[in-house]
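Step one of this worksheet: look at the structure below.
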Amino acid sequence: MALVYLDASSAILLFRAGLFEQTARIFSLVLAHEVFREINQDGYPGAGHFRDMAASGKIKVLEPKPHFTFPRGMTGFSALDTGEQETIARYLGSESPAGSFILMDDGQGARFCCHHHIPFINALLVPKIFWYSGLMKETQAKEKMQLLTGLGRYSRRIISKAGKLSCKDLADFIVKKG
């Protein structure tokens, strides 16, 4: 099962769209300590739900790590928020199985991943991946994408690009059956 390292924005968006539980069943979700601390705050959408899922082992919360190391030459790392820094550093420092990736909805973090060729998607693509994997009907995937479009802060360019991505484009993120 692919490990998926996610940021706080992605976790909250998936929860608000009713997709977090399904995502946790399909992928092995990993949250950096700082990300979990952020979404675990009372008043945040799903805080209690995230605590329950961590306590039951349905999501993995990493222990705090005081210092992050990342490969030299990765410019822009220090400009990221702490949760995104820890998420990316933990992904890069892990020995994740093939097919593992980052789920990142922070714009600056997503640009960092793109610039440094780190495999990532945003929450808007999760329904499409479920559809292409045969885990969701096309109509439901499109409804969930529409819902996420309203919940998130996606630019018109990102929404348009997400709508055009084919199964071949997303092949690295498709759930392998068997």
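Since every read-out is calculated from the coordinates, none of them should be taken as a lab result. Nothing here was measured: the structure is a model prediction, and the numbers come from that model. For neighbour counting, all protein chains shown are included, and Cβ atoms are generated from backbone atoms with ideal geometry for every residue, glycine included.
Brief remarks follow.
- Residues whose amide H falls under 5 Å from that of LEU29, counting only those 5 or more places apart or on a different chain, are VAL4, LYS60, with hydrogens built in the peptide plane.
- Ranked list, fewest to most other Cβ atoms within 10 Å of each Cβ, for GLU143, GLU95, GLU86, GLU34: GLU95, GLU143, GLU34, GLU86
- Calculated FRET value between HIS67 and LYS176, using beta carbons and R₀ = 22 Å, to 0.05: 0.05
- The label-point distance for MET1 and ARG25, in a model that sets each label 7 Å from Cα toward Cβ, rounds to 1.2 nm.
- Here region 1-111 is described by how far its Cα atoms reach on the three principal axes: 38, 31, 24 Å, from widest to narrowest.
- Residue order, fewest to most surrounding Cβ atoms within 10 angstrom, among TYR91, TYR5, TYR154: TYR154, TYR91, TYR5
- Along region 138-144 the Karplus relation, 6.51 cos²θ - 1.76 cosθ + 1.60 evaluated at θ = phi - 60°, assigns HN-Hα couplings of 4, 4, 5, 4, 5, 5, 5 Hz to successive residues, with x for each Gly and Pro.
- Considering only PHE77, ILE158, LEU14, the residue lying farthest towards the positive end of the dipole of the chain is ILE158, judged by Cα position with unit charges set on Cβ.
- Count Lys and Arg as plus one, Asp and Glu as minus one, and take only other residues whose Cβ is under 12 Å from that of CYS113; the net charge is then -3.
- As a proxy for reagent exposure, ranking THR87, THR23 by other Cβ atoms within 10 Å from fewest up yields THR23, THR87.
- Part-to-part distance (alpha-carbon centres) for region 1-76 and region 128-178, which is given in Å: 20 Å
- Evaluating 6.51 cos²θ - 1.76 cosθ + 1.60 at θ = phi - 60° for every residue in region 145-160, the Karplus couplings come out as 5, 5, 4, 4, 4, x, 7, x, 10, 8, 6, 4, 5, 5, 4, 5 Hz, glycine and proline recorded as x.
- Unit charges on C-beta of K, R, D, E only; dipole of the chain, Debye: 660 debye
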